[in-house]
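Please read the structure below before turning to the comments.
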Amino acid sequence: MNVLKTCFTPILICEHAYRTDPNKIKHYYVCNTYEKRNNPTLHNFIGYTDIVRDGILTVEGRYQMPDFLARYVDIVVSHQWENGLNYAYNDALYGGYPFIHNSTLLPKGVGYYYDQFDAFDGANVLLDVIENHDKHHSAYVKRANEYLDSLLPTNPVNTYFYEKEIKRLFE
């Protein structure tokens with residue numbers, strides 16, 4: 001059931017972006033939903049969208065994310081609900097892909113944020129990314145890498161806090 005909850009907002013984002021400018025969206029892959037393709041809720045929801053009618057949206061199985069991104073994807077549109085940090089975010093950021101998300105736990109300026117369940121905001125962000133991301137790609141990758149570096153166990157800040165906690169255990 002979680003797949004259905006989490007996939008609706010990105011579908012609405014892409015649907016609205018497609019309705020706003022159909023030439024901007026060539027294909028939209030909804031991954032990790034293939035097993036749910038015959039679920040009446042999912043079918044009734046996506047069956048009335050322009051992106052399904054026009055053959056833009058396909059439901060897909062589960063893939064290794066880096067491989068799938070490298071083969072098929074230009075932009076990652078994500079939605080989370082009660083899971084604000086996810087390793088998949090790091091895969092998208094590490095690959096330098098434009099990452100559109102609603103996570104309030106990622107630092108400001110990492111990826112492209114849209115407000116919670118606001119598909120209209122998400123669609124505006126998506127269209128802006130399509131138009132402008134390449135112009136700012138170097139700065140985007142720099143911010144993403146700074147964030148990813150902050151997660152490394154070799155990061156001096158992390159080492160300091162780990163050492164501090166280990167010493168505290170033995171006091």
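The values are calculated or read from the model by the stated rules, or taken from the named source; none is laboratory data. Quantities reported herein were computed from a predicted structural model and do not represent experimental measurements. Neighbour counts are summed over all protein chains in view; Cβ atoms, including those assigned to glycine, are modelled from backbone coordinates with ideal geometry.
Details
Table: residues versus (1) outside any loop (DSSP other than H, G, I, E, B); (2) touching a strand residue (DSSP E or B) at 6+ places or on another chain (Cβ under 9 Å).
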| position | (1), (2) |
| --- | --- |
| Thr104 | no, yes |
| Val125 | yes, yes |
| Pro153 | no, no |
| Val157 | yes, no |
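- In the stretch 65-102, the residues that are in contact with an Asp or Glu (Cβ under 9 Å, 6 or more places away or on another chain) and part of a loop (DSSP other than H, G, I, E, B): Tyr97, Pro98, Asn102
- Test for Leu148: is it in a helix (DSSP H, G or I) and either modelled with pLDDT of 95 or more or surrounded by 10 or more Cβ atoms within 10 Å (Cβ to Cβ) (or both): yes
- Residue in the stretch 40-51 that is among the aliphatic types (A, V, I, L, M), more than 13 Å from the chain's Cα centre (by Cα) and farther than 28 Å from Asn132 by Cα present: yes
- Number of positions in the stretch 43-64 that are more than 12 Å from Cys14 (Cβ to Cβ), surrounded by 14 or more Cβ atoms within 10 Å (Cβ to Cβ) and either touching a helix residue (DSSP H, G or I) at 6+ places or on another chain (Cβ under 7 Å) or in contact (Cβ under 8 Å) with a residue 40 or more places away in the chain (or both): 3
- Matching residues in the stretch 39-58 - criterion: being under 25 Å from Ala88 (Cβ atoms) and in a loop (DSSP other than H, G, I, E, B): Asn39, Thr49, Ile56
Per-residue answers, yes or no, for (1) among the hydroxyl-bearing types (Ser, Thr, Tyr); (2) within 15 Å of Gly96 (Cβ to Cβ):
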| residue | (1), (2) |
| --- | --- |
| Val125 | no, no |
| Glu131 | no, no |
| Lys135 | no, yes |
| Lys142 | no, yes |
| Leu148 | no, yes |
| Leu151 | no, no |
| Thr154 | yes, no |
| Asn158 | no, no |
| Lys164 | no, no |
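- Filtered residues of the stretch 115-143 (kept if closer than 21 Å to His27 by Cα and under 14 Å from the mean Cα position of the chain (by Cα)): Ala119, Gly122, Ala123, Val125, Leu126, Val129
- Set side by side, the residues Leu127, Leu106 differ, and just one is surrounded by 16 or more Cβ atoms within 10 Å (Cβ to Cβ), in contact (Cβ under 8 Å) with a residue 12 or more places away in the chain and in contact with a Phe, Trp or Tyr (Cβ under 9 Å, 6 or more places away or on another chain), which is Leu106.
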